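Everything on this sheet refers to the single structure shown next.
Quick note: the coordinates plus some simple rules give every number you see, no bench work behind them. From a predicted model like this one, the values you see are computed outputs, not experimental measurements. Cβ atoms come from the backbone with ideal geometry, glycine included; neighbour counts cover every protein chain shown.
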Amino acid sequence: MQIWMSLILVVQILSALTMIVLVLIQHGKGADMGASFGSGSSGSLFGASGSANFLSRSTGACATIFFLCTLGLTYLGNSQSSRATTGGSVLDRPALAASGPATGVIPGAAPAASGAVTGPAGVPAPAAVPAPATVPVAGAASAAPATAPK
């Protein structure tokens, strides 16, 4: 089964690259790249009809091959995954059971000291941080009245 998936994947990649080249070669409204393959004269590489008919049919054939390879890979990938599990879909499998109720304890954290203030669910409350002391800045006007030294 794995050899078929690999083979189809190689064909899909080759058809995608061929399709990219064919699309870039085609004659656009403003570009004349397709003229090098005979979009105008009857004695050209692709005959009197020019390259437009040949290139558009080739691009359609590559797109069909690419689409069929994509469907084949999807089918083979789905059939392999359904054989490996009991259910055919993720939605068919039962949900995993919860390991237990949430305790609010952080794994690896040091336990709270006895008598410590705790928040909801036993989580220690954050410690109160004292306000920073104000330091007077040189040259700044202070709010306190200045007193003269005696």
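Per-residue packing, averaged as other Cβ atoms within 10 Å, sorts the ranges 3-9, 62-68 into the order 62-68, 3-9, beginning with the highest.
Taking amide hydrogens as placed 1.01 Å from N in the peptide plane, the amide H of HIS27 sits under 5 Å from those of GLY34, each at least 5 positions away in sequence or on another chain.
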